[in-house]
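Heads up: the structure comes next, in structure tokens.
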Amino acid sequence: MSELKEIVNAPEMVQAFGKTYEIKRFTLGPLTQAFEYVGPLGFVLKRLMALPKGDDGKPLLTGDDAMDVAITAISISGPSVMGLISVATKEPVQWLDEQEPLDGLAIFAKVVEKNLDFFTPQYIEKFKVMFGGLMDRIPTLGGEQSTS
């Protein structure tokens, strides 16, 4: 059943800011918007991926781990956290500035949870395959090895 849920990208509801938001895995449009904010949070994502995993393959996240991830993310790049929340909720950052912090962190946590598998080794391998031909051509088109 959980596989079917992920196949159709079923949203999970998050109550925040007096509203209900549907948080789901980013599709292409939101993903491209979110990448602007993901770079500064790469360290946090790597820490999440390094956590011990349970039998189901999911990271085992304790309360202390969760607090550490949230504090680290905000301290590394608060604007990136705000940007990801904005992309997920379609709310302007200026409006989010005045909202309840714990509500925002609830959305941020769900956004990371729903999209974390994008940064797994399996996806990274797919990127290598997709862009392998491009990487092979770069030295011949603009580097010292170019004959043109």
Task: Cα long-axis angle, helix 28-38 against the chain (0 to 90 degrees, to the nearest 10) - done: 90
Task: Angle in degrees between helix 101-115 and the longest Cα principal axis of the chain, rounded to the nearest 10 - done: 40
Open item on the list: What number does the range 69-126 give for Rg over Rh if you use C-alpha atoms and the Kirkwood radius?
Closed with: 1.03
Open item on the list: Could you work out the relative contact order of the chain? I mean the mean sequence separation of Cα pairs under 8 Å and 6+ apart, divided by the number of residues, in percent.
Closed with: 26
Open item on the list: What distance in nm lies between label points placed 7 Å from Cα along the C-beta direction at ASP117 and GLU98?
Closed with: 3.9
Task: Volume per residue that the Cα convex hull of the chain spans, once the total is divided by residue count, Å³ - done: 162
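Read-outs throughout are calculated quantities, based only on the coordinates presented, and are distinct from any laboratory measurement. Given the structure is predicted, the values throughout are model-derived calculations rather than measurements. Reconstructed Cβ throughout: ideal geometry from the backbone, glycine too, with neighbour counts over all protein chains shown.
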